[in-house]
Amino acid sequence: MLAVVAGAWIAAAPVAFAVEIAPHRALYSLTLGSAKSSSGVVGASGAMVYEWGETCDGWTVQQRFRLRLQYAEQDGVEVSSNLVTWESKDGLRYRFNERRLRNGEPDEEIKGEAKLDGAGKGGTAEFTRPEATTLTLAPGVLFPTAHTILLIERAQAGEQFISKQVFDGATVENASQITAVIGAPRKAGPGADKVADSPLLKRPSWRVRLAFFPADDKSGEPDYELGMKLLDNGVSQDMSLDYSDYVIRAKLDEIEALPRPTC
């Protein structure tokens, strides 16, 4: 992982920063960034559609992706996923449903809901698929949207490092530990093309590197790392998924604003 430079902890009273999330739909193309020869991966292609919507009481996410990996000495593999989530704006309730396919055949479905007993308090996660399972969430666990908003708030405050437990329901496991290294702020620049010229992208941003550690981590090594340019409205650009043996890059090709609710 990149070297971590922890930001100075300011002892003064915390400053509240307003985060204005922009509901949007984004289309990314997926390609192979790099691969170690030992991985056997020689190519990758695919696409991802990400929709971050807003309701009167919560945030919705629908993510659909398809990725085909090509190998030097074996048949390629195509994986696809459809993820739908809802998270309350107070960050205390979360519903999730993901269906995954492998080479066009059903691979796994994960469905359930989670709740926290209050801000900073623990709670429970109840899975109904692939089978009924209940997990206890520790105090301080966040759900995904609350975590993204916190990252932006900390970035606006000039902090460079943050580590939190985040439950997203991606696996039938407890919350992952996510460490984030936040780079220096970047001012909005002129758009180089039609996509970059979108008002959604003319925003301040930061380079962010996230490392995802499993709940029962004993090795000290993350499952994977995610690098991206994170804008102050929640939009992500120039993403790279680092699985150690190979890196998948996600390039933003299209983006459009989604309507806000009338509440």
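FYI, it's all coordinate maths here, none of it is from the lab. Keep in mind that what you see is a predicted model, and the values were worked out from it rather than measured. Using ideal geometry, Cβ is built from the backbone for each residue, glycine included, and neighbour counts are taken over all protein chains shown.
Which residue, ASN233, GLN165, GLY40, has the largest displacement toward the positive end of the dipole of the range 25-249 when charges sit on each Cβ (Lys, Arg +1; Asp, Glu -1)?
ASN233
Number of Lys-Lys pairs in the range 25-249 under 19 Å by Cα, sequence gap 8 or more or different chains?
11
Using a cut-off of under 16 Å, list every residue of the range 94-109 whose amide N is near the label point 7 Å from the Cα of TYR224 along the Cα-to-beta-carbon line.
Answer for this model: 98-103, 108.
So what are the ³J(HN,Hα) numbers for the range 49-62, from phi and the Karplus equation (6.51, -1.76, 1.60; θ = phi - 60°), rounded to whole Hz, Gly and Pro as x?
10, 10, 10, 10, x, 10, 10, 4, 10, x, 10, 10, 10, 10
Given +1 on the Cβ of Lys and Arg, -1 on the Cβ of Asp and Glu, and no further charges, what dipole in debye does the chain carry about its Cα centre, rounded to the nearest 20? Numbers along the way, then the final one.
Details: 29 positive and 36 negative charges, 150 e Å.
So the dipole magnitude of the chain works out to roughly 720 debye.
Across the range 243-253, in residue order, what do the Karplus-derived ³J(HN,Hα) couplings come to in whole Hz, using 6.51 cos²θ - 1.76 cosθ + 1.60 with θ = phi - 60° and x for Gly and Pro?
Listing the rounded values in order: 9, 6, 7, 8, 10, 9, 9, 10, 9, 6, 9 Hz.
Non-local amide H neighbours of ASP245 (under 5 Å, H modeled in plane, Pro and chain starts lacking H): which ones?
none
Would you mind checking which residues have amide H under 5 Å from GLU54's amide H? H placed 1.01 Å from N; only 5 or more apart, or other chain.
When sequence neighbours closer than 5 places are left aside, the close amide H contacts are THR60.
Pop out the ³J(HN,Hα) list for the range 87-96 in order, Karplus 6.51 cos²θ - 1.76 cosθ + 1.60 with θ = phi - 60°, rounded to Hz; leave Gly and Pro as x.
My calculation for the range 87-96 gives 9, 5, 5, 7, x, 9, 10, 8, 10, 8 Hz in order.
For GLY43, what residues show an amide H to amide H distance below 5 Å, using hydrogens built from the backbone and excluding near sequence neighbours?
GLN70
How much mean residue ellipticity at 222 nm does the chain get from its helices, if each DSSP H run of length 4 or more adds -39500 (n - 2.57) and you divide by all residues, to the nearest 500 deg cm²/dmol?
-1500 deg cm²/dmol
Exposed loop sites here are chymotrypsin sites (Phe, Trp or Tyr not before Pro) in DSSP loop states with at most 13 other C-beta atoms within 10 Å. What is the longest stretch of the chain lacking them?
18-263
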